[in-house]
Amino acid sequence: WNSTFFGPTKIRQSLRAIAERFDDTIKENVERVIAKYDPIMQAIIDEYKPRLDGKKVMLLVGGLRPRHTIGAYEDLGMECVGSGYEFAHTDDYDRTAPEMPNATVVYDDPSEYEFEKFAHALKPDLIGSGIKEKYVFQKMGIPFRQMHS
């Protein structure tokens, strides 16, 4: 079980997985919480998804794992075309692979040059990474989302 609280779909899955370990009262309360916040989250998706649907995102992260954030991008209609770590262990990749769409390029600790080459090849509409990659992609004209400091 990969618990994550990034994006409505993963929030619902994680809350339900936690509730499964408790009695029916907890399960019912979780469903009430989900029902209460679903319309709020759906309103945000409805606002942004028309502009993001079908767009491509590339991720490169350190401590925050791609498996934690891919679902949030998918909720907005985006496709993860590249994902990787600055530092990772085999179990990180084993746990991340099921979360990634088929044909996602996976890179491990790429240099700035390599990451830029991946961006040229994959043509993402957005890159999510850390501060040191920010300026390279801003100069390339690719929107950038800083995912960690």
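Looking only at the range 77-99, residues that are surrounded by fewer than 20 Cβ atoms within 10 Å (Cβ to Cβ) and under 19 Å from I142 (Cα atoms) come to 2 in all. Here S83 meets the list (1) at pLDDT 85 or above; (2) among the polar types (S, T, N, Q); (3) assigned to a helix (DSSP H, G or I) almost entirely, failing just condition (3). Screening the candidates K49, K56, K10 for the property of being touching a His at 6+ places or on another chain (Cβ under 9 Å) and open to solvent by less than 90 Å² (accessible area, probe 1.4 Å) yields one hit, K10.
Within the range 116-129, the set of residues being buried (at least 17 other Cβ atoms within 10 Å of the Cβ) and in contact with a strand residue (DSSP E or B) (Cβ under 6 Å, 6 or more places away or on another chain) comprises F118, P124, L126, I127, G128, S129. Restricting A43, A72 to those that are open to solvent by 10 Å² or more (accessible area, probe 1.4 Å), in contact with a Ser or Thr (Cβ under 9 Å, 6 or more places away or on another chain) and either more than 15 Å from P110 (Cα to Cα) or not aromatic (F, W, Y) (or both) reduces the list to A72. From G63, G71, G128, G77, which residue is at pLDDT 85 or above, part of a loop (DSSP other than H, G, I, E, B) and within 24 Å of I11 (Cβ to Cβ)? Being at pLDDT 85 or above, part of a loop (DSSP other than H, G, I, E, B) and within 24 Å of I11 (Cβ to Cβ) holds for just one of G63, G71, G128, G77, which is G77. Evaluation of N102 against the conditions (1) under 21 Å from K10 (Cα atoms); (2) of a type outside the set (V, I, T); (3) open to solvent by less than 30 Å² (accessible area, probe 1.4 Å); (4) assigned to a loop (DSSP other than H, G, I, E, B) shows that the sole unmet condition is (3).
Does at least one position in the range 15-32 carry a residue that is in contact (Cβ under 8 Å) with a residue 12 or more places away in the chain, touching a Gly at 6+ places or on another chain (Cβ under 7 Å) and surrounded by 12 or more Cβ atoms within 10 Å (Cβ to Cβ)? No, the range 15-32 contains no residue that is in contact (Cβ under 8 Å) with a residue 12 or more places away in the chain, touching a Gly at 6+ places or on another chain (Cβ under 7 Å) and surrounded by 12 or more Cβ atoms within 10 Å (Cβ to Cβ). For the range 131-147, the tally of residues that are under 18 Å from P66 (Cβ atoms), open to solvent by 40 Å² or more (accessible area, probe 1.4 Å) and assigned to a helix (DSSP H, G or I) stands at 3.
The values are calculated or read from the model by the stated rules, or taken from the named source; none is laboratory data. Just so we're clear, the structure is a prediction, and the values are computed from it rather than from any experiment. Note: ideal-geometry Cβ built from the backbone for every residue, glycine included; neighbour counts use all protein chains shown. Each accessible area value is taken on the protein alone, full model and side chains, heavy atoms only, with ligands, DNA and RNA left out. Shrake-Rupley method; radii C 1.70, N 1.55, O 1.52, S 1.80 Å.
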